[in-house]
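What follows is calculated from the coordinates using simple rules that are stated; it is not laboratory data. Note that this is a predicted model, so its numbers are computed, not measured. Don't worry about glycine lacking a Cβ; one is built from the backbone with ideal geometry, like all the others, and counts go over all protein chains shown.
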Amino acid sequence: MKIPPVHGRITANWTILIAAAAAALGLWLGARWFSTAPIPQLPPLQSGMLFPHPRNVPAFELTRSDGGKLGDADWRGRWTLVFFGYTHCPDICPTTLAVFAQAWKKLDPALRARLNFVFISVDPARDTPEQLARYVGYFDKAFIAATGPDEVLTPLTRALGLVYARGESTDANYPVDHSASVVMIDPLGREVGLLRPPFEPAKLLADLQALARSR
């Protein structure tokens with residue numbers, strides 16, 4: 001299954017295009033990661049798509065903004081929405097988090113308790129735990145933020161079918177290209193699909209409600 005990535009910046013460079021091709025190839029070659037357990041029954045999503053077969057998530061460990069650890073075991077028990085970006089992102093990241101925060105606040109508290117939203121920075125050099133806490137907390141205090149070294153981020157994003165690449169710069173204002181889709185992780189900790197931009201609050205709210213109500 002080949003899933004074309006959506007990039008965080010309007011103009012993608014050759015590096016991220018090559019990485020996207022490698023990620024797509026990985027989806028073909030990674031059949032051993034497919035889970036045989038079915039995806040929970042859901043109505044058609046308005047903001048994304050479900051995969052024909054769920055994909056297992058490899059083991060990983062990242063550092064949360066509160067200093068704790070975030071691992072694959074934390075993606076079990078609830079539906080988890082995972083977005084990879086960075087706090088210096090000029091457009092895609094703040095727009096995505098703002099729309100998710102808007103929909104999140106409209107969820108019934110009982111449904112909200114069945115969901116997690118996780119922001120993972122692919123810019124660990126600039127996104128310290130303090131920076132991540134301030135950034136994500138601005139949108140919603142319940143959102144989780146984490147990051148880690150490329151040795152962890154690269155295999156994790158590739159396993160999820162996503163990509164990122166940092167631009168060249170002589171100062172600290174370098175850009176980062178990254179996929180703009182939000183990964184859907186089911187309560188069994190498997191990747192089951194993607195929510196894809198452009199995000200609309202009403203449609204996103206309907207999808208979040210559908211996920212939270214699923215069995």
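Label point of ARG134 set 7 angstrom out along Cα-Cβ; within segment 81-122, amide nitrogens under 19 Å from it belong to 85-91, 93-95, 97-98, 119-122. Across segment 77-196, the relative contact order, built from alpha-carbon pairs under 8 Å that are at least six residues apart, equals 33 percent. Charges were assigned to the Cβ only: +1 to each Lys and Arg, -1 to each Asp and Glu. The resulting dipole of segment 14-213 about its Cα centre is roughly 740 debye.
Dividing the mean sequence gap of close Cα pairs (under 8 Å, 6+ apart) by how many residues segment 14-213 holds gives a relative contact order of 34 percent. Binning the alpha carbon pair distances of segment 14-213 at 10 angstrom intervals from zero yields the distribution 9, 37, 39, 14, 1, expressed in whole percent. Our summary gives segment 50-130 a relative contact order of 38 percent, counting only alpha carbon pairs under 8 angstrom and 6 or more residues apart.
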